[in-house]
């Protein structure tokens, strides 16, 4: 009888120990879970604060330019000045006279490894370390978009430059000076914005793959890749990176 009581006592003690261990692990797991959740919330908070800071900086520049423009508009009559030339992209006039004849044969016998070509390109592609400058230019383009840019064009070049220089932060002023040094002088705000847009495109690390096939999707190869279906392509792909076009396809316009 005493042996049975002893066995029961041992079982009770063992069960108590198991529950104690499980309770300890449960508290530790709960602590780790709370810590992980807290860490992630802090990361999201930091990202939100960074985005908010960028938005506030853009709004501050807009407010500063608005104020400077009101001062200029109140001090003198508006004058119309030339806004500069339009910019167009040139296209080639070359078209092979034999292309139509050869195209059907090419479709029948040519197998185009588009995915392999994208992988080979990415293997030799050097991603530019330009995140900060890209964001600065992006914010500046947002600042100078629409109504503000149009209103600035009503003033002489010197007044436009002065308004910009008085309103931009240090990063914006550096870009403004880089533009003046490259061009030799400041001409008009719209040309400055066009220059910024071109510079932004060159700094953008995104690799755009234009394809003739609707079902193509190369985004799984790299997060840098953006796939675009192009109805104008008859065969192959075109890769655009850093404002450079790598053409591995045949476009409808080339068929005459």
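No lab work stands behind these numbers, since they all come straight from the coordinates. Bear in mind that the values here come from a model prediction, so they are computed numbers and not experimental data. Neighbour counts run over all protein chains shown; Cβ positions are idealised from the backbone, glycine included.
Below is a table of values for the structure above.
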read-out	value
Some residue of segment 233-241 being touching a residue at least 60 places away in the same chain (Cβ under 8 Å), over 22 Å from the mean Cα position of the chain (by Cα) and assigned to a helix (DSSP H, G or I)	no
Yes/no for residue 187 being more than 28 Å from residue 114 (Cβ to Cβ), without any contact (Cβ under 8 Å) to a residue 40 or more places away in the chain and surrounded by 15 or more Cβ atoms within 10 Å (Cβ to Cβ)	no
Scope segment 158-170; condition surrounded by 16 or more Cβ atoms within 10 Å (Cβ to Cβ) and outside any loop (DSSP other than H, G, I, E, B); matching residues	159, 160, 161, 163, 164, 167
Members of segment 207-221 that are crowded, with 20+ Cβ neighbours inside 10 Å and outside any loop (DSSP other than H, G, I, E, B)	207, 209, 210, 211
Residue list for segment 227-241, filter: surrounded by fewer than 16 Cβ atoms within 10 Å (Cβ to Cβ) and within 24 Å of residue 127 (Cα to Cα)	228, 229
Among residues of segment 242-256, those that are more than 17 Å from the chain's Cα centre (by Cα), in contact (Cβ under 8 Å) with a residue 60 or more places away in the chain and not in a strand (DSSP E or B), counted	4
Qualifying residue in segment 163-176 (condition: farther than 21 Å from residue 138 by Cα and touching a helix residue (DSSP H, G or I) at 6+ places or on another chain (Cβ under 8 Å))	no
Among (1) in contact with a strand residue (DSSP E or B) (Cβ under 6 Å, 6 or more places away or on another chain); (2) free of Cβ contacts under 8 Å to residues at least 12 places away in the same chain, the one test that residue 215 misses	(1)
Filtered residue count, segment 120-145, keeping only those that are touching a residue at least 40 places away in the same chain (Cβ under 8 Å), over 29 Å from residue 189 (Cβ atoms) and more than 16 Å from the chain's Cα centre (by Cα)	3
